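Here's the structure, in structure tokens; my notes come after.
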Amino acid sequence: MTHGRPHDHSLAYAEEDLGEVDPVHFTQRAAPDGTGVLVSGICPRCHGRTQTLFPWAIPGTGGKGLLDLVRGRRPTRASATAPDPLSEEVHFCECGHAHPQGPPDTRYRGCGASWRMSR
């Protein structure tokens, strides 16, 4: 995946809701260890590579598909890449860079941006 702008490391940390963003710069796949869905892409604010693991869990709790696991249906790569399974989640920049002016106790190491994927 490529994009036209380099990661802006000097961008100051700011908790900013970017609303809905086009999912074209994001991919999703089953985590290699089978624990959930990995969403990877480019942060729309700082343009850094970001990756977030959404664990298999109860719907609406920030995870995916615990009910399927309880019923004995193991998540598959196909289910992890099905259209729109993560549109209900809020995504956060997790570029791994401590942007200037970032709070030391922030849960996410990134620029502070959050967004949802547009449908």
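The values are calculated or read from the model by the stated rules, or taken from the named source; none is laboratory data. These figures come from a predicted structure and were not determined experimentally. All Cβ positions, even for glycine, are placed from backbone atoms using ideal geometry, and neighbour counts span all protein chains on display.
Considering only residues that are among the small types (Gly, Ala, Ser) and modelled with pLDDT under 90, which ones fall in the range 99-119?
Once the filter is applied, which keeps residues that are among the small types (Gly, Ala, Ser) and modelled with pLDDT under 90, the range 99-119 yields 102, 118.
Among the residues of the range 1-55, write down those that are of a type in the set (Asp, Glu), closer than 26 Å to residue 105 by Cβ and in contact with a strand residue (DSSP E or B) (Cβ under 7 Å, 6 or more places away or on another chain).
16, 17
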